[in-house]
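Working notes, beginning with the structure itself.
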Amino acid sequence: MTYLIDAWLDRPHPYLRILHRETGEVCAVLEQEAIDELREQGDLDLSSLNSSEPVVLKELVRNLFLFCYARALRPVGAQWGH
């Protein structure tokens, strides 16, 4: 499968979506709170988002999916490192 990262980070309510490239289906959505958490952890680097290197983008998509799954499994109200 091939994915597309649709990131709008410089707006009042930033979001990042991972889309299935062929169907346009939204596979994951990260909103401001999750984006802030990723930045604080050092797991969201703007240079990675601007990269044209397939290996860099593949790793970024993989890490974003893992973050989404881990976040979904957290107990309500739980935060990493707190």
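Nothing in this text is a laboratory measurement; each read-out follows from the coordinates by a stated rule. Only a predicted model underlies this, so the values are computations on that prediction, with no experimental measurement involved. So basically every Cβ, Gly included, is an ideal-geometry build from the backbone, and we count neighbours across all protein chains shown.
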The chain: angle of helix 32-41 to the longest principal axis, Cα-based, in degrees nearest 10: 90 degrees
With Cβ to Cβ distances under 11 Å as the rule, what net charge do the other residues near LEU44 carry (K, R +1; D, E -1)? -4
Extension reserve of the LEU73-GLN41 stretch, reckoned as 0.36 nm per residue once the Cα distance is removed: 9.7 nm
So what is the relative contact order of the chain, in percent, for Cα pairs below 8 Å that sit 6 or more residues apart? 19 percent
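Under 10 °C and 1.306 mPa s, how fast does the chain diffuse according to Stokes-Einstein, given a Kirkwood radius computed over C-alpha pairs? Answer in µm²/s, whole number.
119 µm²/s
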Calculate the dipole size of the chain relative to its Cα centre from +1 charges on Lys and Arg beta carbons and -1 charges on Asp and Glu beta carbons; express the result in debye to the nearest 20. 200 debye
Length added when fully stretched, ARG62-GLU25, from 0.36 nm per residue minus Cα-Cα: 11.6 nm
Take SER51 and GLN32, extend 7 Å from each Cα along the Cα→Cβ direction, and tell me the distance between the two endpoints in nm. 2.8 nm
Ellipticity estimate at 222 nm from DSSP helix runs (n ≥ 4, -39,500 (n - 2.57)) divided over the chain, nearest 500: -12500 deg cm²/dmol
